[in-house]
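**Student:** Once you've had a glance at the structure underneath, I'll fire off some questions.
The values are calculated or read from the model by the stated rules, or taken from the named source; none is laboratory data. Bear in mind the structure is a predicted one, so any value in this text is a computation, not a measurement. Methodologically, a virtual Cβ is constructed for each residue, glycine included, from the backbone with ideal geometry; neighbour enumeration extends over all protein chains shown.
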């Protein structure tokens, strides 16, 4: 290999190394940004109420609490368990739908404000 060829190869190797470091830095930045956005989503909490049942869920789709009013308990006591189960199911699903909508709105705001880059 001539001296010129060695210099050209050396430059290419160094550029590849710098590109690799640049890619690692970009990946770390993206990971940090992703974590920040996920933390913001996880901090969202919404409560949905239906028929004396209230369900609170987080943005990470976990149920925080379920509160059942006495009137809803009375449904079970009077033998209307199927009605109670339906109300509970609808309330849980409603809570998840509500928090998903809130997340979508929050993500839209972040995109429009430039806080989040695509």
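**Student:** Is at least one residue of the range 2-14 over 30 Å from residue 113 (Cβ atoms) and at pLDDT 90 or above? Step through it out loud before you land on a result.
**Tutor:** The first filter runs over the range 2-14 and keeps only residues over 30 Å from residue 113 (Cβ atoms), leaving 2-14.
Then drop every residue that is not at pLDDT 90 or above, which leaves none.
Looking for residues that are over 30 Å from residue 113 (Cβ atoms) and at pLDDT 90 or above, one finds none in the range 2-14, hence no.
**Student:** Next question. More than 26 Å from residue 115 (Cβ to Cβ) and at pLDDT 90 or above: is that true of residue 57 in this structure?
**Tutor:** On the way: more than 26 Å from residue 115 (Cβ to Cβ): no; at pLDDT 90 or above: yes.
Taking the combined requirement at face value, the residue does not satisfy it.
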